Amino acid sequence: MAVNWGVLGVASIGVRAVMPAIQRARNARLVAVASRTAARAREAADALGIPRAHGSYEALLEDPEIDAVYIPLPNTLHRAWTLRCAAAGKHVLCEKPLSVSAADCEEMIAGCRQHGVVLMEAFMYRFHPRTERVLQLIGAGDLGEIQLVRAAFTFQAREPRTNIRFRPDLGGGALYDVGCYAVNIARAVLGEPQEVFAYGRVGRYGVDEVVGGLLRFETGRLAAIDCSLTVPRREEYEVVGSEGRLVVPHAFLPGAADAEIHLTRGAERTVITLPGADQYQRMVEHFGDAVSGGPLSLPPTDAVGNLRVLAALHTSLRTGAPEAVAR
Ligand SMILES: NC(=O)c1ccc[n+]([C@@H]2O[C@H](COP(=O)([O-])OP(=O)(O)OC[C@H]3O[C@@H](n4cnc5c(N)ncnc54)[C@H](OP(=O)(O)O)[C@@H]3O)[C@@H](O)[C@H]2O)c1
């Protein structure tokens, strides 16, 4: 069964990646796009060949043909629009971070459950076959006992004066924007951390622009993460176990290129190469299957855990002291 999709907002990520992915997906139809500005919606619809353009988000929610909504709005708007979609009976694929607090996420989960709709955070890298392979290798014990994860996502965001990433009131900052990936892979490998510590720099726009953080897990296992909106592009992670280690280059945005895992065990070095894949399309297809009754491999409760860690990192950044992660 094909899921009929609508999109709230003509966001850069929607236009560049997710709307075309919905159009390519085997179980999806992109039916409508909405903007706060009717002409902007029309322009996007014409450019992408989308049948309907709505001049407000409300109008899209009233569109009876739409089953599922993709939300690429600024982070502080995720909660309210997810709840409104749920109340309108629409399934929700919402951008990362799912919201700006664990409490928001819990409210979103409850609202979607109440209205019987599926909710998922659009963490597309989790749907790349390479990420699945990494987690399999670790789960199978190929690296021995995991002791350390190191994860980084930095880039130089453009046009800070108009970029939502530099707006504290819209949930800007490096931790929310890209630190969420580093925290997510650390938790996927090591589980929930107990305590964190962060150093960083808050810039002139009032958001964290560079952050380095340490996450302490049970039995002293560690993750070291860094993220930035101003440091040149790096996105990779390393997982170190008692028997070996792996490094994943271009970890979160590998594009369509072949994707590598660099594995080292003793003197033996191997590069595992997986064929390129469209992680956005795979995410959309997985979500569509879940709407049709299939399992959801990334439940929204995972976002609650991620936001608890991000909140502790924000607090530590402010206080200069270690911070326990809420349970
Ligand atoms: N998964 C990924 O690969 C990825 C990559 C980048 C970003 N993201 C996430 O996607 C979301 C959007 O990021 P983006 O960079 O694509 O944002 P963007 O280009 O700035 O677009 C955000 C859209 O939200 C709408 N909007 C509604 N209220 C707004 C307000 N008060 N201020 C600004 N925009 C408002 C606007 O659409 P209209 O004017 O048309 O209504 C705007 O085009 C964020 O949650 C971000 O974390 C994910």
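The values are calculated or read from the model by the stated rules, or taken from the named source; none is laboratory data. Quantities reported herein were computed from a predicted structural model and do not represent experimental measurements. Because the Cβ atoms are built from the backbone with ideal geometry, glycine has one as well, and the counts that use them run over all protein chains shown.
Among the residues in segment 237-253, are any in a strand (DSSP E or B), in the same structural domain as A174 (by TED's automatic domain parsing), β-branched (V, I, T) and farther than 25 Å from A122 by Cα?
Yes, there is a match, as at least one residue in segment 237-253 is in a strand (DSSP E or B), in the same structural domain as A174 (by TED's automatic domain parsing), β-branched (V, I, T) and farther than 25 Å from A122 by Cα.
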Report summary line: Being assigned to a strand (DSSP E or B) and among the small types (G, A, S) narrows A182, A152, A157 down to just A152
Report task. Any residue in segment 76-87 that's in contact (Cβ under 8 Å) with a residue 40 or more places away in the chain: show its pairings with residues that are within 12 Å of the ligand (Cβ to nearest atom) and part of a helix (DSSP H, G or I) at Cβ separation under 6 Å, as long as the two are six or more apart or on different chains. Result -> T76/L170
Requested in this report: Return yes when A182 is away from the ligand (no atom under 11 Å from the Cβ) and within 19 Å of G212 (Cα to Cα) and no when it is not.
Outcome: yes
Query raised in the report: Can you tell me which residues in segment 133-149 are in a helix (DSSP H, G or I) and loosely packed, with under 14 Cβ neighbours inside 10 Å?
Result: Q136, G139
Query raised in the report: Got at least one residue in segment 56-79 being among the hydroxyl-bearing types (S, T, Y), crowded, with 24+ Cβ neighbours inside 10 Å and farther than 23 Å from R42 by Cα?
Result: no
Report task. Collect the residues in segment 219-236 that are outside any strand (DSSP E or B), under 20 Å from D208 (Cβ atoms) and out of contact with any Gly (no Cβ under 9 Å at 6 or more places or on another chain), keeping them in residue-number order. Result -> V231, P232, R233
**Report entry** Residue among L298, L263, L253, L313 that alone is modelled with pLDDT of 95 or more and buried (at least 21 other Cβ atoms within 10 Å of the Cβ)
**Finding:** L313
Query raised in the report: So which of L298, L307, L263 ends up being within 16 Å of the ligand (Cβ to nearest atom) and farther than 30 Å from N27 by Cα?
Result: L307
Query raised in the report: Across segment 177-201, what is the total count of residues that are of a type in the set (S, T, Y) and surrounded by fewer than 24 Cβ atoms within 10 Å (Cβ to Cβ)?
Result: 1
**Report entry** Total residues in segment 7-55, condition assigned to a loop (DSSP other than H, G, I, E, B), within 9 Å of the ligand (Cβ to nearest atom) and under 15 Å from L93 (Cα atoms)
**Finding:** 2
